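The values are calculated or read from the model by the stated rules, or taken from the named source; none is laboratory data. Quick caveat, the model's predicted, so the values are computed rather than measured. Cβ placement follows ideal geometry from the backbone for every residue including glycine, while neighbour counts extend to all protein chains displayed. These accessible areas exclude ligands, DNA and RNA; they are computed on the full protein's heavy atoms, side chains included. Shrake-Rupley method; radii C 1.70, N 1.55, O 1.52, S 1.80 Å.
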Amino acid sequence: MASRPTVTDRNPHPVPSGSVPRTAALLSALVMGLGQMYNRQWWKGLSFLIIEIAFLVVFFDFLNMGLWGIVTLGTEPFLDHSIMLLAQGIIALILIVFGLGVYGLNIRDAYRIGKIRARGEKPPTIGETRRMVTDRGYPYFLVMPGLILLVFTVIFPILFMVALAFTNYDLYHSPPARLVDWVGFSNFINMFQSELWRNSFVSVFSWTIVWTLVSTTVQFALGLFLAVLINQKRVRFKKFFRTVLILPWAVPSFVSILVFSGLFDGHFGPINQMLGMLGLSGIPWMTEPLWTRIALLLIQFWLGFPFSMALCTGVLQSISSDLYQAAEVDGATAWQKFRNITLPLVLYATAPVLITQYAFNFNNINVIYLFNQGKPAVPGQSAGGTDILISWVYKLTFEVHKFNYAAAVTIIMSLFVMGVSLYQFRKTRAFKEEDLIQ
Amino acid sequence: MKWRIWGSIAMIFLLTVGVLAGCGPQRDADPDKKEAGKEEKPEQLVIWENKEARHLKHTERMAEKYEEKTGIQVKVVGVDILKQQEKLTLDGPNNKGADVVTWPHDRIGEAAIKGLIQPIDVEEDRIHAYNKSALRAMQYDGKLYGLPRNTESIALIYNKDRMKEPPKTFEELIRFAEENTDPAKEKYGFLYEGENFYHDFFVFHAFGGYVFKDEGGRMNTEDIGLNNEGSIQAMETIGSWYKDQLIPRGLKADTVNGLFKEGKVAAVLNGPWAVKDYEDAGIDVGVSPIPPINGKDPKTFIGVKGLYVSAYTRNEYWATDLVRFLTGKEALQDRFKTTGEIPSRTDLLEHPIVKDDEQVNGFAEQAASGVPMPNVPEMSQVWDPMADAVSFVAKGEQTPKEALDGAVKQIKEKLQTQKQ
């Protein structure tokens, strides 16, 4: 038990004791603002109370419906739209989290002020509080709209997708005539037991890995090579070359891929016609899996190198020429300078971007799908010869109307990509500790 | 101390969720479903028409006529024909949907399963006014879900400068192709997009193949006839065209169109949608039904655009009446004049406006005898495996039997996954 303060204390409310913070916090936990009122902060208490009442009055029906909806996903076909209810439920949960945030803040505040009072000091007046809020809370206040937008445009869709993976949402369980139900993990289990998926998974997965590694590595190497080349002192018309080499990046890839698909056509495409003029037989670009894969890789090199080049050029220009001069004094060859100065510094600076490039190509559905729809077909499997995981899953789920499987596969793939990226990022951090750059 | 507070907060939260989840919406015993007095005239009906100027023009004109006739105002809203289903799913429950909607018939099955449209009642004698194939397209699971407006089919489109008369039989067409094809000079007698089952179906049908067994208006999706004796024969026939290098493998629709517009092909298979493009390229275009193959009239896959009554309508009776009016003789004749689409009514198919136009009649005759693409959602699993099967045979990777057995196996696996 703390001792009572002396009577001469200027505090007109001689309550303080050790249990004040606890009592205040508990009161605030019971009804928002009650603890503040107990702390004699009438205005603050009142505002918290109003916030609570307003929240409950405005959102009660919505929360009621949403929570009921997300648990049951509807009980009557035609009247209840399971997918709408699911969305509403998720929004309700987000609102509740927001509400709980304010609620927690309110309890913490009551406890903190209680402590101040227990120490026998005067709690801040309404004016002081306001000043504190405007001073310290201003940045939060400014960030708030952005945060709310972020929650609803990024977090909400992700939660929605994750939720779908645990339902039976497909053609035969589609509102309004049917209801959707929660099914737990059975999608993940059924999916891998299905004949259709098993027979193609290994071949698709291995091609996806090859595709990701080769396309990203080569496009980066090519970009680096060209950047180094252009950065040489002896090269003239630097700006011209740089502009020309950036062009593939400037044209929307959507357009260039479609144009490539025409260029590579086996019978009527200009590429084969040119080969024919040289007396070579045409290459079955679109009909043989191996050649289609080669064509795709070539296209991706072409599409991807300008970005790497731009990136590397930036890094190269920031490397101090002292390093090279010192190396020259030591009698280093051009290769040694590249190997020991340029490459480590460029890789150090671009590693994070390089990792995102790997992740991007792992999911690069555009080029695969627009070029040849993942074809040519391969006997005995549901995936085409050039299908990567994402394009194959896209085809299967939308043809088969299995939205739940689509969600489940997306989760698995994101976990995979996130895992690999995370591992890589951590490795680069280890790299950083070698203290290459001050 | 702290964890106890947070523990109690969590408890309160869980209890609230539990209590609220138990509550849910308050519902009366009988929600406001359709009332008994259904013949009572509504003030207004809403119809979603394809968002294209010609289509809207026709429907708006007919809407005025309908108002004169019945006093019911018809509001015509333009919604892309392929987006109506999705829109109805969202707008229907909020009473913002339409009473009458339209989309290609092969999406009827999906809509019926989702409960977006409802079966309609039409008198027996009225039904006979429609072309049989088109009417069959409107049936799903033995029930009639709408009335047909227009039927589309592919037919033989030929370059009159390169082919004087359409051949009498398909075998004759192939002989013509053999004499007039020289890939080295980019000259072709006959081309079509063979690696697309939509274009191949008539061959399968002529030899006795079928997709799903049609059991009196109901598709038996367990019974797939794409690797039976007839289908294998059909595949052998198609394969021989590739083997004899009449048709290059990997041929795409764009390439067929391009070559035809350059005058390098004498005849192609394509639909009415391609004709204008061909004529604009300066080709003297002729259209005729596909000549008999294997001694039988070829039956192509047809696509039918129909009108359906939304399941959300409050005026079932009058919505059906509007569907009847818009698929009547007067309306479809006007539609033909405005949009050039081939009507699905027998009286109009025999009418001089159709009969006397050589091009239109070519497509119309083909369409009248066609087989509707199955409108069950299971059909979407058929296209790719069948197209791939033709590719394998064209490349010589597999025999027709191997390719078809493989395709059917894959279709079955896909169907199993779909229904899992």
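Results, tabulated for the structure shown:
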quantity	calculated
Filtered residues of segment A:23-78 (kept if part of a helix (DSSP H, G or I), within 20 Å of A:Leu100 (Cα to Cα) and open to solvent by less than 10 Å² (accessible area, probe 1.4 Å))	A:Ala24, A:Ala25, A:Ser28, A:Gly35, A:Gln36, A:Gly45, A:Gly66, A:Leu67
Residues of segment A:374-405 that turn out to be within 13 Å of B:Gln410 (Cα to Cα) and more than 10 Å from every other protein chain (Cβ to nearest Cβ), as a count	1
Matching residues in segment B:94-117 - criterion: being away from every other protein chain (no Cβ under 13 Å), open to solvent by 10 Å² or more (accessible area, probe 1.4 Å) and more than 18 Å from the chain's Cα centre (by Cα)	B:Lys96, B:Asp99
Of all residues making up segment B:221-256, the number that are free of Cβ contacts under 8 Å to residues at least 24 places away in the same chain, within 14 Å of chain A (Cβ to nearest Cβ) and in a loop (DSSP other than H, G, I, E, B)	0
Per-region count, segment A:371-398, residues open to solvent by less than 30 Å² (accessible area, probe 1.4 Å) and assigned to a helix (DSSP H, G or I)	8
Inter-residue pairs, beta-carbon under 8 Å, first loosely packed, with under 13 Cβ neighbours inside 10 Å and in segment B:123-147, second in a loop (DSSP other than H, G, I, E, B), 6+ apart	B:Gly142/B:Gly216; B:Gly142/B:Gly217; B:Gly142/B:Arg218
Some residue of segment A:409-429 being open to solvent by less than 40 Å² (accessible area, probe 1.4 Å) and either within 14 Å of chain B (Cβ to nearest Cβ) or acidic (Asp, Glu) (or both)	yes
Top-ranked residue of segment B:397-420 - restricted to ones that are open to solvent by 60 Å² or more (accessible area, probe 1.4 Å), more than 15 Å from A:Trp197 (Cβ to Cβ) and at pLDDT 90 or above, ranked as nearest to the other protein chains (Cβ to nearest Cβ)	B:Glu402
Filter result for the condition that a residue is among the β-branched types (Val, Ile, Thr), modelled with pLDDT of 90 or more and in the same structural domain as A:Asn39 (by TED's automatic domain parsing), over A:Ile126, A:Ile116, A:Ile158	A:Ile158
Residue match in segment B:265-285 (condition: within 12 Å of another protein chain (Cβ to nearest Cβ), under 27 Å from the mean Cα position of the chain (by Cα), free of Cβ contacts under 8 Å to residues at least 24 places away in the same chain and within 28 Å of A:Gly266 (Cβ to Cβ))	no
Odd one out for A:Ile94, checked against (1) on the phi < 0 side of the Ramachandran plot; (2) surrounded by fewer than 21 Cβ atoms within 10 Å (Cβ to Cβ); (3) at the interface with chain B (Cβ under 8 Å from one of its Cβ atoms)	(3)
Residue ID - farthest from the chain's Cα centre (by Cα), chosen from residues in segment A:251-263 that are open to solvent by 30 Å² or more (accessible area, probe 1.4 Å) and more than 11 Å from chain B (Cβ to nearest Cβ)	A:Leu263
Failed criterion for B:Val393 (all others in (1) surrounded by 24 or more Cβ atoms within 10 Å (Cβ to Cβ); (2) within 19 Å of B:Phe301 (Cα to Cα) hold)	(2)
